[in-house]
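Have a look at the structure below, then the notes.
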Amino acid sequence: MIRGFVWVLVCLLVTLPGCSSDSSLLPSGEDLGSFADVGDPESYGSATLYTYMNGGAEVFLEYGFVALSIRRYSRGSDQLIAELFEMRDPSAAASLYSYLRRTNAETEIRPGCRASVTPSEVLLAKGRYYLACRNEDPLATRGVAVGELAERIADRLAGDSPSGLFDPIRMGNPVPGSEIFIAGPISLRVRPWLAPIGERGFERGWLAAFQTLSARPVEALVADYQTAALAREAVAGVTASSHPELKVESRGRRAVVVNDSTTVAPQHLIALMESLLTH
Amino acid sequence: MIACREPPSKFYFQVGLLPGLGRRPAGEEQAETNVRLGSRTHIDRMTSGSRPDEQKGMAGLTRRDLFRLSAGSFGLLSASLLGACNFRVAACKSVPPNPFVHAGQPLLVVVEGEDLQAMLKAGVEALGGLDKLSSLSREAVFRGNFVAPQPYPVTTHPDFISAVGGILRQSGFRRTVLFDSHGTNLVASSSPSSIMGKLGVIGKLTGSGVEVDVRDFLERTEFQLVRNPAWPIASPVGVHRMVHEAGVVISLPVVKRHGAAQFTCALKMHFGSVSMADRIVTHKNEGSEYLDQRLVHFADTARPQLTIVDARTILARRGPTLTAGGEVVRGINKIVLCGDMVATDAYCARLMAERDPTFSVQMVARQLKHATELGLGTADLAQVKIVELRV
């Protein structure tokens with residue numbers, strides 16, 4: 001505990017002055033139009049993010065978190081919150097968005113700006129920012145206010161989403177919207193079937209559902225490791241007897257794991273794995 | 001070796017961490033809300049805490065906050081280094097064996113329904129009543145999950161706490177106290193009652209008969225260092241004295257996914273029972289067995305006699321907050337009552353796996369195995385007497 005106290009306090013002292021808060025990006029409700037302010041704005045840095053979101057912080061840090069600004073608004077009976085995450089660079093913001101977006105919820109809210117939209121929540125990445133606007137009631141069924149809030153804040157964010165984030169898996173024909181960039185060992189646990197895959201030396205990965213000619217889409221992971229030996233080691237424990245649903249192969253620093261629970265025809269599976277390994 | 005020349009209290013005193021130092025101007029205190037703190041009254045700021053003429057700067061802190069934080073941190077740093085030998089490491093609290101058993105097997109009661117009061121009443125009756133707890137003490141400490149200022153199922157619902165308090169009073173308990181430690185007075189935006197305040201928990205529990213006791217997570221003297229020689233990690237854990245010294249602890253978790261630990265329910269929620277330093281160090285060590293083992297050790301320090309899980313709604317896919325990407329799943333409409341934390345988690349992990357395609361019980365197998373090895377309970381549901389009711 002003593003070591004922990006020292007660590008916590010030193011981190012607070014060292015990193016708090018580094019927290020940035022650009023209030024112009026989360027302006028007052030009046031500046032946004034037709035919203036009222038609720039409470040004071042808050043901001044957090046990498047050392048204090050834990051105090052805001054507890055164990056959820058690790059994933060954000062893994063993706064390249066820099067600072068978080070928060071502001072609460074209301075409109076009518078809707079209590080809203082805007083969480084603006086400043087990330088290391090546009091790729092980090094887009095990667096985090098890919099991890100957090102909801103299934104089958106993506107739509108274009110502005111030309112070139114795709115967002116994950118549900119009645120209680122809008123998520124998007126723009127430039128080096130990841131924005132989450134939510135109704136404080138997670139069971140809210142009316143999404144007009146939260147949608148307008150997200151659009152008005154997004155208009156103030158500079159930059160575009162980077163291209164090429166999912167180039168390494170493009171040849172495999174991923175289902176649009178299913179792609180997830182895996183930034184590290186924590187986000188590598190995004191699916192239970194990935195549990196037997198080794199984390200040692202893991203650098204980055206791409207997870208997606210892939211269309212095949214013979215069956216429903218299958219999920220596959222493309223993972224890059226620090227060395228070819230570590231890539232081999234990562235999939236060495238996955239055997240036909242221990243995990244019959246998984247097909248694995250490594251080549252150089254890259255490993256590919258396919259979750260074949262839908263029993264794709266072997267030739268199509270081989271073609272998919274080859275395309276993912278050779279890019 | 002560090003020589004201990006001064007008791008830690010002197011360092012706390014010097015830098016303003018003892019009551020009376022770092023005090024706010026008198027005018028501010030009029031706007032504060034009193035929160036009952038056991039036998040004493042704790043003044044806990046419910047406002048943002050900054051004077052109108054103060055500019056909030058980086059990290060939402062005023063210059064005064066930064067000064068306080070700097071001074072306080074230096075003092076705590078000093079106290080940590082110099083006062084180490086003044087803190088005796090004790091054994092984990094000793095509690096009687098699980099009182100809720102049937103033919104030698106832990107009893108786990110699941111009640112499905114729509115009426116919370118009726119569900120709790122039926123659940124307690126199926127446990128055989130709470131006399132075995134009230135005979136230990138007529139006062140109970142409640143532990144809830146207040147991880148973030150977000151409503152149920154991210155946090156424990158105040159109506160649930162109030163309803164459990166009512167059941168306990170009917171069972172002969174004279175006093176029930178909801179304890180939590182999720183903030184510090186050193187940072188205005190993260191005060192000890194900040195989360196409960198934003199959620200309206202304190203207001204909702206006022207008049208319900210359940211007292212609220214929120215403590216500063218940097219009040220180091222309020223934590224008792226404990227260690228169980230059976231832990232594979234040798235360093236002690238600082239458990240809050242409110243939990244360590246309570247005659248009866250009743251845990252009121254929610255069922256959620258968790259970024260690093262994958263799942264949080266009966267075991268993981270005792271992160272909130274130990275010092276912030278232990279929590280941070282443990283999260284910094286995740287990625288190995290350390291996190292899975294340590295969260296079990298934290299539960300070992302708390303040892304609630306009864307866990308009552310509010311699984312009417314759960315947080316699936318991500319967690320432990322909505323910010324982390326959690327998805328609210330409604331319609332489960334169950335509560336789970338059990339004196340065995342491990343069996344509770346084994347059952348609730350199964351509930352989660354049935355509704356979250358990104359989760360499997362295997363993801364928490366290491367936690368459950370370690371908890372079983374330490375004697376906290378059983379993860380084998382075949383060895384548990386499960387009673388399922390519908391009201």
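The values are calculated or read from the model by the stated rules, or taken from the named source; none is laboratory data. Here the structure is a predicted model, which is why all the values come from computation and not from measurement. Here Cβ is always computed from backbone atoms with ideal geometry, including for glycine, and neighbour counts include all displayed protein chains.
Brief remarks on what is shown
- Subset tally (residues that are surrounded by fewer than 24 Cβ atoms within 10 Å (Cβ to Cβ) and of a type in the set (S, T, Y)) for the range B:156-183: 2
- When A:S69, A:S95, A:S74, A:S91 are screened for being modelled with pLDDT of 95 or more and out of contact with any strand residue (DSSP E or B) (no Cβ under 6 Å at 6 or more places or on another chain), only A:S91 passes.
- The residues listed here are A:T103, A:T48; of these, the one that is among the β-branched types (V, I, T) and without any contact (Cβ under 8 Å) to a residue 40 or more places away in the chain is A:T48.
- Qualifying residue in the range A:130-138 (condition: modelled with pLDDT of 95 or more, within 13 Å of chain B (Cβ to nearest Cβ), surrounded by 21 or more Cβ atoms within 10 Å (Cβ to Cβ) and farther than 25 Å from B:T313 by Cα): yes
- Hey, A:L124 aliphatic (A, V, I, L, M) and in contact with a Cys (Cβ under 7 Å, 6 or more places away or on another chain) or not: yes
- Each residue in the range B:338-391 was checked for being touching a Lys or Arg at 6+ places or on another chain (Cβ under 8 Å) and of a type in the set (G, A, S), and 1 of them qualify.
- The range B:223-282, residues that are aliphatic (A, V, I, L, M), in a loop (DSSP other than H, G, I, E, B) and free of Cβ contacts under 8 Å to residues at least 12 places away in the same chain: B:A234
- Test: B:T372 is more than 10 Å from chain A (Cβ to nearest Cβ), part of a helix (DSSP H, G or I) and β-branched (V, I, T): yes
- Filtered residues of the range A:197-211 (kept if crowded, with 20+ Cβ neighbours inside 10 Å and either in a loop (DSSP other than H, G, I, E, B) or without any contact (Cβ under 8 Å) to a residue 12 or more places away in the chain (or both)): A:I197, A:G198
- Selection status of B:I250, of a type outside the set (S, T, Y) and over 30 Å from A:E83 (Cα atoms): yes
- Only one of the numbered conditions (1) surrounded by 21 or more Cβ atoms within 10 Å (Cβ to Cβ); (2) over 24 Å from B:A316 (Cα atoms) is violated by A:A94, and that is (2).
- The set of residues from the range B:319-369 being touching a Phe, Trp or Tyr at 6+ places or on another chain (Cβ under 7 Å) and either in a helix (DSSP H, G or I) or charged (D, E, K, R) (or both) comprises B:A349, B:M352, B:A353, B:M363, B:V364.
- Scanning the range B:194-222 for residues that are within 14 Å of chain A (Cβ to nearest Cβ) and either closer than 17 Å to B:T156 by Cβ or assigned to a helix (DSSP H, G or I) (or both) yields B:S194, B:I195, B:G197, B:K198, B:L199, B:G200, B:R220, B:T221, B:E222.
- Residue match in the range A:162-178 (condition: surrounded by 14 or more Cβ atoms within 10 Å (Cβ to Cβ), within 14 Å of chain B (Cβ to nearest Cβ) and outside any loop (DSSP other than H, G, I, E, B)): no
- Matching residues, the range A:106-147, being free of Cβ contacts under 8 Å to residues at least 24 places away in the same chain and in contact with a helix residue (DSSP H, G or I) (Cβ under 9 Å, 6 or more places away or on another chain): A:S116
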